[in-house]
Amino acid sequence: MTATKEIFIGSDTQENAPESVTASRKKQRSRMSGILVHPTSFPSPYGIGDLGKGAYDFIDFLESSGQHLWQVLPLGPTGFGDSPYQGFSAFAGQPLIISPEKLMELNLLTEADFADMPQWDPRKVDYGPAIQFKTRLLQTACAAFWHTPDKTLLEEFEHFCENESEWLDDYALFMAAKDAHGGRCWLEWEEEMTAPTAAVREAWREKLSEQIRYYQFVQFIFNKQWMELKEYAHEHEVEIIGDIPIFVALDSCDVWANKKLFQLDSKGYPTNVAGVPPDYFSATGQLWGNPLYDWEVHKETGFQWWIRRIRRQLSMVDYLRIDHFRGFEAYWSIPAGEETAIGGQWVKGPCEDLFLAIQKELGSDLPIFAEDLGIITPEVEQLRDMFGFPGMKVLQFGFGDMEDKNYIPHFYTTPNCICYTGTHDNDTTMGWYQTQPEIIKDRVRRYGNTDGNQVSLDFIRFCLGSIAKYAIFPIQDLFVMGSNARMNIPGVAAANWNFRYIQEDLTKERQEWLLKTTRLYNR
């Protein structure tokens, strides 16, 4: 199997893509680089980053600094804890990143709708007030939508609902029913709705028709804004790396509507849950709590749910990073009710059967990145390499042991990998460096012939100079930010995912440094 090649996937095709963009893809760039930043972190006057001006300015910055990749976190609607890895749907989009500016351009909002807008911290998302504010704006826009004179827009909506009905119908019903039950988990609903028959579903659809149309509208607007941004990125020769967690949340439409695909008891409660054993991040392991898949049932159905999931995501992005890839070879199964992940055991996953099924329907050259961190066995590496999926090399992991042959660049044996300074789960590189013992700091300084004062820029240089085909770094490292700008601390439930930057951080000096350094290493 050859390494993953650049392909153009999504709403545009090679035939109708802009000529200059298509030509650039045909060059088959052998070395690419880019920035990891989630849309919630973009500058925005509305309390949380969105798909408006801040997103377009970021694409412009990528182009002017010589970058061709933008990596995001999962784009789904978030639930408790605001984690993009615990969403209400594996198919739907995040309402919170819908741009109010673009709603005004469609004449669905007016200036008067922002009269009581709170004062926001421009460097931090305060999710509670932001959710309330954005939800009110979306409800106002939805009410205006039904009276819009823009017939084309209404036709686009109906077309979207028809094309995406396979997931949208269940999602809109699930979310409307969740609202009707005060936001409670579906396991706490009345019995007829925890496992509804077709007749019960139809009755509730009629009962909740107005709220269902609201959720369809929100997904239509998200999809419209996202695809416009994606097209703009392609016009500027930027491709998008998406991200999905291997598992889904228990309180999600995915589990509620597809119970047979998961390891659940007769009442819908998980019998075993997901996590990982003790590792770099936690001495007691990580107890994620997600329900585990019943892979035998998935196999009996030809893995159709997974095929639909991957197809939907690849309509939105150009590459797809799958979080916790090793779980496809074997996953850590923890009995439900355990307080930590220590008592789990490894259970065999679907292995190559899943990806062969996906290849059969979506093509042999799957643009998938494998998050292969943690406890990786030769069997996991074999599965990854069988399909030519690039794996991840995180520089922060390498400097504790200079003989580490996985993460230090001079030991890389193949360009078919992604070199990261760090990920969303790591401290920023400056924060990491400042907490290291002197022996490790000395190794970093000698390795990079540097004084360590801007060590995150040194790490970016290490990434760009490696043989890795892809080099990715969080935007916090480009800004030389410390631990206060960290995106996530694994195992900590609160105060994560709230990092934001301001437009002034995208300085001319940083843009010129990144452009020159990128060109130096021929990316």
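What is the distance in Å between the Cα centres of the range 463-512 and the range 123-201?
So the two Cα centres are separated by 33 Å.
Apply the Kirkwood formula to the range 149-216: the hydrodynamic radius equals the inverse of the mean of 1/r over all pairs of different alpha-carbon atoms; give it in Å with one decimal.
Result for the range 149-216, one decimal place: 12.9 Å.
Cα atoms only, the range 420-477: Rg and Dmax in Å?
Reported Rg and Dmax, both Å: 11.1, 32.
Can you pull the three principal axis extents for the Cα set of the range 415-513, in Å, largest first?
Over the range 415-513, Cα extents along the principal axes are 37, 34, 30 Å.
Mind listing the Cα extents of the range 377-471 along all three principal axes, in Å, largest one first?
The Cα atoms of the range 377-471 stretch 41, 25, 23 Å along their principal axes.
For the chain, what relative contact order do you get, as a whole percent, if you take Cα pairs closer than 8 Å and at least 6 residues apart? Can you show the working numbers first?
Numbers: 892 pairs, mean separation 102.5, N = 523.
Reported as a whole number, the value is 20 percent.
Where the centre of each part is set by its Cα atoms, how far does the range 203-247 sit from the range 352-366, in angstrom?
Rounded to whole Å, the Cα centres lie 25 Å apart.
Calculate how large, on average over all directions, the projected area of the Cα convex hull of the range 41-129 is; give the answer in nm² to one decimal.
Working: hull surface 28.4 nm².
Mean shadow area of the hull around the Cα atoms is 7.1 nm².
Against the 2.2 N^0.38 Å scaling, with N counting residues, where does the range 176-309 land? I'd like the Cα-based Rg ratio to two decimal places. Numbers along the way, then the final one.
On the way: Rg = 18.5 Å, N = 134, 2.2 N^0.38 = 14.1 Å.
Taking the Cα Rg and dividing by 2.2 N^0.38 Å, one obtains 1.31.
If you average 1/r over every pair of different alpha-carbon atoms in the range 243-373 and take one over that average, what Kirkwood value in Å do you get?
15.4 Å
Filter LYS230/LYS260; LYS124/LYS393; LYS102/LYS516; LYS102/LYS469; LYS224/LYS469; LYS260/LYS348 down to the pairs with a C-alpha to C-alpha distance above 25 Å, please. Don't skip to the end; give the middle numbers.
Details: LYS230/LYS260 35 Å; LYS124/LYS393 29 Å; LYS102/LYS516 34 Å; LYS102/LYS469 36 Å; LYS224/LYS469 31 Å; LYS260/LYS348 19 Å.
Among LYS230/LYS260; LYS124/LYS393; LYS102/LYS516; LYS102/LYS469; LYS224/LYS469; LYS260/LYS348, the Cα-Cα distance tops 25 Å for LYS230/LYS260; LYS124/LYS393; LYS102/LYS516; LYS102/LYS469; LYS224/LYS469.
List, in order, the whole-Hz ³J(HN,Hα) value for each residue of the range 131-146 obtained from phi through the Karplus relation with A = 6.51, B = -1.76, C = 1.60 and θ = phi - 60°; use x for Gly and Pro.
4, 4, 5, 5, 5, 4, 4, 5, 5, 5, 5, 5, 4, 6, 4, 5
Give the average over all directions of the projected area of the C-alpha convex hull of the range 406-449, one decimal, in nm².
3.9 nm²
Using only the alpha carbon atoms of the chain, find the Kirkwood hydrodynamic radius as the inverse mean reciprocal pair distance, in angstroms to one decimal. Kindly include the intermediate steps, with their values, before the conclusion.
Details: mean 1/r = 0.0416 Å⁻¹.
Evaluated on the chain, it is 24.0 Å.
Evaluated at 37 °C with a viscosity of 0.692 mPa s, what Stokes-Einstein diffusion coefficient in µm²/s does the range 335-387 have when Rh comes from the Kirkwood expression over alpha-carbon pairs? All intermediate terms of the calculation are to be shown ahead of the outcome.
Values: Rh = 13.5 Å.
Roughly 244 µm²/s, to the nearest whole number.
In terms of Cα to Cα distance under 16 Å, which aspartates and glutamates are near enough to LYS360, apart from those fewer than 8 places away along the same chain?
GLU300, GLU352
Pull up the cross-link candidates among the lysines for LYS178, meaning alpha carbon to alpha carbon under 20 Å and not fewer than 8 places away within one chain.
Straight-distance partners of LYS178: LYS134, LYS207, LYS259, LYS267.
So which GluC sites (Glu not before Pro) in the range 179-250 are both in a DSSP loop and have at most 13 other Cβ atoms within 10 Å of their Cβ?
Loop-located and lightly packed - GLU190.
If packing is taken as the average count of other Cβ atoms within 10 Å, what order do 102-109, 344-351 fall into, highest mean first?
By packing density, highest mean first, the sequence is 102-109, 344-351.
Once the principal axes of the Cα atoms of the range 91-236 are found, what is the range along each, listed largest first in whole angstroms?
The principal-axis extents, from largest down, are 46, 35, 31 Å.
FYI, it's all coordinate maths here, none of it is from the lab. Predicted model, so just to flag it, every value in this text is computed and none were measured. Backbone-built Cβ (ideal geometry, glycine too); neighbour counts: all protein chains shown.
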